[in-house]
Amino acid sequence: MTEPQEQELLDLTRRLLDAIARADWKTYEELCDPSLTCFEPEATGQQVEGLDFHRFYFQVGHAGEAQVTMVSPRVRIMGEAAVVSYVRLVQRPDPGGPVTRSFEETRVWHRRNGRWKHVHFHRSVPTPRG
């Protein structure tokens with residue numbers, strides 16, 4: 001059974017992922033700390049700080065609707081900080097048939113003044129198993 005605080009963090013993470021899928025900048029900005037840092041494929045090996053890098057992707061939009069699924073989420077709370085890790089499956093329509101991509105993600109949340117803010121994430125494409 002999921003503890004209430006763990007469920008709150010899972011709900012916030014789902015809300016964040018939905019905002020990304022819908023290109024909902026207002027919700028994304030509300031959930032993220034202005035000093036958000038990340039490592040993600042689009043940053044080509046660089047650690048990015050702030051929201052400007054991410055705003056670009058929201059402004060260029062998305063081709064078609066996406067469905068997002070969090071697989072095997074885990075929550076670890078350490079006082080005023082928490083880590084949510086999972087695999088994100090993104091399903092999108094494509095002229096050749098639906099396409100599914102997967103990403104390994106870790107999201108770090110920090111609670112200030114009783115409210116959780118997203119402060120860091122690491123997203124990578126899974127390594128093929130061989």
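Laboratory data are not the source of any read-out in this text; all were calculated from the coordinates shown. On a predicted model such as this, the values are computed, not experimentally measured, just so you know. Using ideal geometry, Cβ is built from the backbone for each residue, glycine included, and neighbour counts are taken over all protein chains shown.
Here are the numbers for this structure:
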quantity: Odd one out for residue 98, checked against (1) under 20 Å from residue 7 (Cβ atoms); (2) loosely packed, with under 15 Cβ neighbours inside 10 Å; calculated: (1)
quantity: When residues of the range 15-61 are limited to those that are outside any loop (DSSP other than H, G, I, E, B) and of a type in the set (S, T, N, Q), the one farthest from residue 93 (Cα to Cα); calculated: 35
quantity: Filter result for residue 123 (outside any strand (DSSP E or B), farther than 19 Å from residue 6 by Cα and either in contact (Cβ under 8 Å) with a residue 24 or more places away in the chain or of a type outside the set (Asp, Glu) (or both)); calculated: no
quantity: From the options 59, 46, residue that is surrounded by 10 or more Cβ atoms within 10 Å (Cβ to Cβ) and either in contact (Cβ under 8 Å) with a residue 12 or more places away in the chain or over 16 Å from the mean Cα position of the chain (by Cα) (or both); calculated: 46
quantity: Scan of the range 83-130 for residues that are charged (D, E, K, R) and closer than 22 Å to residue 40 by Cα, ordered by number; calculated: 88, 92, 101, 104, 105, 107, 117, 123, 129
